[in-house]
Amino acid sequence: MGLFQDIAAEAQKGKLDFLVIGGLAVVFHGYSRDTADLDLLIRREERGPWVELLSRLDYAVHQGRTNFVQLSPPKQGAWPVDLMLVGDATFDAILAAGLEVEMYGARLKIPSLEHLLALKLHALKHGHLKRYGKDLLDVEGLVRVNALDLRSEKMRHIFLRYGTIRIYEQISGFTRGE
């Protein structure tokens, strides 16, 4: 079995829910871009069981923070895994609206387009400068390929709740060709 099937099988055994986020989810929502890691959204309280699960697959914690854990792969060329940790209410809402997809031979869930945008906007608002450009391009690409109307109340609300007015205006300018 491959990594995706192994993670899905082990998570099911341990009754651990998750969603695939990041670049792979962006691709499934229509914006094609390269990605070199596997990003998973998990419940904050399940950090320990997830680290144990990935340790059984020979992953090692590279960096751990309150809301984020980076794991190094067992060998060169394998997928690094990043865990994003969120509270139960946030996780449950994203999971309930998630979409099931076939990914590398496994049935996995990704966030809805709106939730993925919210996650990306949150990352832009609170993230590191080195990731800013990539996340900004992801948001702009998702808006374009999905023909989202940023003037709609729903989209404006998502942008202003999870991002900033500056990000909203920047993406609005991109999509208008400014």
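Bear in mind that the values in this text are calculations on the coordinates, not laboratory data. Keep in mind the model is a prediction, meaning the values are calculated, not measured. Backbone-built Cβ (ideal geometry, glycine too); neighbour counts: all protein chains shown.
Which angle from 0 to 90°, rounded to the nearest 10, does the C-alpha axis of helix 3-13 make with the longest principal axis of the chain?
70
Could you work out how far apart the two model spin labels at ARG44 and LEU160 are, taking each label as a point 7 Å from the Cα in the direction of the beta carbon, and quote it in nm?
Between ARG44 and LEU160, the label points sit 2.7 nm apart.
Mind checking which of ASP39, ASP82, ASP58 has the largest fluctuation in a GNM of the chain, springs on alpha carbons under 10 Å?
ASP58
Starting from a Cα-only point model with no solvent, please compute log10 I(q)/I(0) by Debye for the chain at q = 0.09, 0.15, 0.17 1/Å.
-0.31, -0.86, -1.09
Whole angstrom only: what separates the Cα centroid of the range 1-46 from the Cα centroid of the range 102-177?
19
Is the C-alpha gyration tensor of the range 51-106 telling us rounded, prolate or oblate? Criteria: a/c under 1.5 is rounded; beyond that, a/b larger than b/c is prolate, otherwise oblate.
oblate
Mind giving me the FRET efficiency for GLU114 and GLN5? R0 is 30 Å, r the Cβ-Cβ distance, nearest 0.05 is fine. Write out the running numbers ahead of the final one.
Values: r = 28 Å, r/R0 = 0.94.
Approximately 0.60, to the nearest 0.05.
Which entries of LYS75/LYS125; LYS75/LYS134; LYS109/LYS134; LYS15/LYS154; LYS13/LYS120 have Cα-Cα distances beyond 28 Å here? All intermediate terms of the calculation are to be shown ahead of the outcome.
Details: LYS75/LYS125 33 Å; LYS75/LYS134 26 Å; LYS109/LYS134 22 Å; LYS15/LYS154 34 Å; LYS13/LYS120 30 Å.
As for pairs spanning more than 28 Å Cα to Cα, those are LYS75/LYS125; LYS15/LYS154; LYS13/LYS120.
What does DSSP give for the chain in terms of the percent of beta bridges that are antiparallel, rounded to the nearest 5? Walk me through the numbers on the way to the answer.
On the way: 16 of 22 bridges.
About 75 percent, rounded to the nearest 5.
Helix-only estimate, please: 222 nm mean residue ellipticity of the chain, summing -39500 (n - 2.57) across DSSP H runs of length 4 or more and dividing by its residues, to the nearest 500. All intermediate terms of the calculation are to be shown ahead of the outcome.
On the way: 8 runs with 89 residues, N = 178.
Calculated mean residue ellipticity at 222 nm is -15000 deg cm²/dmol.
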